[in-house]
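Everything on this sheet refers to the single structure shown next.
Read-outs throughout are calculated quantities, based only on the coordinates presented, and are distinct from any laboratory measurement. Remember, predicted model here, so these are calculated numbers, not experimental data. Using ideal geometry, Cβ is built from the backbone for each residue, glycine included, and neighbour counts are taken over all protein chains shown.
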Amino acid sequence: MSDQPNMPDSAGDARGHEPAPHTLIDKLAQETATPPESATGGAWTRALSSAVRDGLAGRWIDTERRHAQAGVKRACYLSLEFLPGRILANAMLAAGDYDAWARACEDLGLDIDTLAEHEHAPALGNGGLGRLAACLMDSLATHDLPAIAYGIRYRYGMFAQRIRDGWQIETPEDWAENGCPWEFFRPEIAYSISFGGRIEDHGHGPRWIAAERVTAIACDHPVPGHATDTVLTLRLWSPRPAEPFDLAAFNRGEHRRALESADRAEDIGRILYPDDSNDAGRELRLRQEYFFVSASLQDILRRHLETADGDLTGLADAVAIHLNDTHPAIAVAELMRLLVDEHELDWDRAWALSTGVFSYTNHTLMPEALESWPVALLGALLPRHLEIILEINARFLDWVRAQQPDDADLARRVSLIDEAGGRRVRMAHLAVVASHRVNGVSALHGRLLAEHVFADFARLFPERFTYVTNGVTPRRWLAQANPGLAELLDARIGRAWRDDLGRLADLAPLADDAGFRREFAAVKRANKARLAAHIADRTGITVDPDSLFDVQIKRIHEYKRQLLNVLGVITRYAHMVADPEADWVPRTVIFAGKAASSYDAAKRIIKLIHDVAAIVNGDPRVAGRLKVVFIPDYGVREAELIVPAADLSEQISTAGTEASGTGNMKLAMNGALTLGTEDGANIEIRERVGQDHIFIFGHDAGRIAALRAGEDDPRARVDADPELADALHRIASGFFSPDEPERFAPLVEALVAHGDHYKLLADYRAYLDAQDSIDAHYRDRPAWLASAVINVAGMGDFSSDRMAAQYADEIWRIAPVRDGQPAEKRTEKRTEKRTRAAL
Ligand code: 26W
């Protein structure tokens, strides 16, 4: 690290620059060559970021040194997505010098919050899975757990969402356009990654003669722990062409062609793939996966060999390698290739090491999201890996047949190759076969994995299957996003909740304290006013901060059922128009979320929300008592504004489809009541906050499965419920889209004519009934506020600190490192153990 510009070359300057106005002025000169009198806000932000970053550098170097000297086992987290959000404020809060920097800024006539707004966050993920990776890293760092995360440095992250005439428009997200002060390119940490070509075997074992090579360069981001010296590394790989361009071709005048191979290399890091997308670009996606996996494993082995005198036998005691979903599953074949072909281990020893190091978290029950690759594509791009996968499969299936000789079909079902309809490699099966732990992300999801998705594997390897319920970091989602509530908590229950969220339980008795409820309500009101101003700024819509803020914020997907919410809004609107004088509870229904660019139904739902909003918001009979808003460009930043202002959190996915959800946790932690199905972590939230403080409705996962198996008749449901028929009719007939009456016909047809796969119609009535109970509860102000307080108090278990501790103890078997020694395992904070032999 010492050869990096702008970093102190000795850890002696560990704390870097102290917060002072003159430091900022110096930094302004060094970073931007601008005098204070002509500096823009952006320039000051660069100066501040640079000063804060300097403070991290020494601790970052020391952490690396401490981990190396302690010789402890380290977790390596492989993830194709990371959504860290803005880093500057978080880094200052972590170091405990936010207030001091704020004062330094103030002395210069600058507002620190305004400066922070200039930061462009790395948006390197689609949704929950990417944000979970960031929350996990925050917790690992805060609790001094030795870990490193690996991913891709996408040049363009998740697309920016614009709304034009109610439709989503995707535009490239150039997050690093103005430079990112938090990244450190390390050209000296570089690996060669091969693609294509053929295998030769001249009697000394197979040799891969690759057709193409790309270099992976490390680009490191610091992940500071809070109130500790630990700073972990997020290492993102950036591709470089082996040759910048073909000079001979260029000199012949073939300028475009001269750049072709360089472009192909750069393409690997060009963009983050949106989820659920089409077949286009699938080869590029596989190239991305292999690129980052190969670089990461080469890095892991190099570091291990450096400290283990070239001996690989202790690998599984030195590293744990975690597959964040199936996206990095090609790592299994790559590690075997490195161990067998490059390091000349025999197959059985290599396989024992592999199953010793790998573990795998699944994040989705959607069959279409379980990746599989055509055998032909994988063989063309990674010929040696295909051979290795086939060898793993042959040995595995031999073993399976010996285990279960009576089940003739079992081998077909568990095979790594799906032979039906074009041969494909099932990446999830590869991950399961090679991992000593396979976990779900909530209790229900863990059970559904073991009973359905991976049922055959759970019978073969019962000891592997477990679950670790997701969690979120209270530092970002409470302390940083909701400073008003954080201050109130500090005053009433002390500061310990920040790294021991279980302490929130101390709040429960205050639910009965009218004075506390008033203070709590004042914080919520201020957050709602802040959001109302943001909504006015972004959408031009005025909303009433005293109305009930009802929010559904997440990726737009049919399984998440934003459309059920819209049906509820339409029915409420019809009721209001029919009886405008009644005493309606004023509501603001807030949506935010992105639709995958190729997902037509999801994009139509966004348009429907806008069309419904235009009619409802403008109807004088409603008189502002129902407003619908869609906040564009949902991401970590928008979530930080919306979450603290929510009264009601809609978590209404079809039971058995949402693996966990983490927005549900963030919202409840900030005092929103949940309106949810018996899905994902909603079930565990109910256990913690109690039946009376949450609104659970609808069919459970078992009933949904039964409906899908044939009992359901969507048309009969519509015929039996005139309000449902009316809501659907309004959508289908063009009531909200007179300019194009057919616009939403496909959405209604999916429900009525094509089997209503996500069972909106089956849950519609129960959803409306639950909404009615919510209105009644909201009218009783003290009761509602008491419920909100009880929700906050009950969220102790949903900290990513608990999640990180479980991964560390039960899956990776790593222990915290402080001051050069592995620390005592901090078991006292653990909640009940959840690993079982079988679920
Ligand atoms: C095409 C590959 C692909 C498929 C799905 C890429 C990305 C995805 C998702 C968007 C994965 C995802 O974010 N899953 C979410 O993970 C969260 C963290 O565990 C869970 O809380 C959510 O329930 C789950 O949807």
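How high is the relative contact order of region 387-509, in percent, with contacts defined as C-alpha pairs under 8 Å that are six or more residues apart? It comes to 15 percent, rounded to a whole number. Within the shell defined by Cβ-Cβ distances under 9 Å, the residues around Q168 carry a net charge of +4, with Lys and Arg each +1 and Asp and Glu each -1. Relative protection proxy for 725-735, 121-131, from highest mean packing down: 121-131, 725-735 (other beta-carbon atoms within 10 angstrom).
Label positions at E177 and R765, each projected 7 Å from the Cα along the C-beta direction, are separated by 5.2 nm. Between F245 and E344, the C-beta separation translates, for a Förster distance of 30 Å, into a calculated FRET efficiency of about 0.25. Straight-line cross-link reach from K73 at under 18 Å between alpha-carbon atoms covers these aspartates and glutamates, not counting any fewer than eight positions away in the same chain: D62, E64, D144, D299, E306, D309, D311, D317, D809, E810, D819, E824. Could you give the Stokes-Einstein D for region 702-808 in µm² per second, using the C-alpha Kirkwood radius, 37 °C, 0.692 mPa s? This corresponds to a translational diffusion coefficient of 188 µm²/s.
Compute the distance from the alpha-carbon center of region 397-441 to that of region 495-511, in whole Å. Result: 45 Å between the Cα centres.
Quote the relative contact order of region 158-219 in percent (integer), defining contacts as alpha-carbon pairs under 8 Å separated by 6+ residues.
28
Name all residues of region 570-600 having a backbone nitrogen under 18 Å from the label point set 7 Å from the Cα of A783 along its Cα→Cβ direction, giving them as ranges. The answer is 583-586. Once the gyration tensor of the Cα atoms in region 437-487 is diagonalised, the equivalent ellipsoid follows with semi-axes of 36, 9, 6 Å, ordered largest first.
Extension gain, E391-R412: 0.36 nm per intervening residue step, less the Cα-Cα distance, totals 6.0 nm. Per-peptide packing, taken as the mean over residues of other Cβ atoms within 10 Å, places 515-524, 378-387, 790-799 in the sequence 790-799, 378-387, 515-524 from highest down. Here r is the Cβ-Cβ distance between S192 and D692 and R0 is 60 Å; the resulting FRET efficiency, rounded to 0.05, is 0.50. Calculated mean residue ellipticity, 222 nm, the chain: -13500 deg cm²/dmol, from DSSP H runs (n ≥ 4) at -39500 (n - 2.57) each, averaged per residue and rounded to 500. Legend: Rg and Dmax of region 184-237, from Cα coordinates, 18.2, 58 Å. When the listed pairs K528/K560; K27/K594; K594/K666; K524/K759; K27/K524 are checked against a 29 Å cut-off, the alpha-carbon distance exceeds it for K27/K594; K524/K759; K27/K524. If R0 is 60 Å, the Cβ-Cβ spacing of R447 and E200 corresponds to a FRET efficiency of close to 0.80. First check a/c for region 244-340, with a ≥ b ≥ c the square roots of the eigenvalues of its C-alpha gyration tensor; if it is under 1.5, answer rounded, and if not, answer prolate when a/b is larger than b/c or oblate otherwise. Oblate.
If we sort 711-721, 332-342 on the protection proxy, mean other Cβ atoms within 10 Å, highest first, what's the order?
In descending order of packing, they fall as 332-342, 711-721.
Bins of 20 Å, beginning at zero and ending with the bin holding the largest distance: percent of Cα pairs per bin for the chain, please. Calculated over all Cα pairs of the chain, the distribution is 15, 47, 33, 5, 0 percent. Look at C219, C135 and count the other Cβ atoms within 10 Å of each Cβ; fewest to most, that gives C219, C135.
Residues of region 620-649 with an amide N closer than 13 Å to a point placed 7 Å from the Cα of T542 along the Cα-to-Cβ direction: 623-625. Compute the signed sum of charges (Lys and Arg +1, Asp and Glu -1) over the other residues within less than 12 Å, Cβ to Cβ, of A536. Once all neighbours under 12 Å are counted, the net charge is +1. R213 label point, 7 Å along Cα→Cβ, cut-off 20 Å on backbone N: hits in region 296-320? Only 296-303 pass the distance filter.
Here the residues V689, V425, ranked from fewest to most Cβ neighbours within 10 Å of their Cβ, fall in the order V689, V425.
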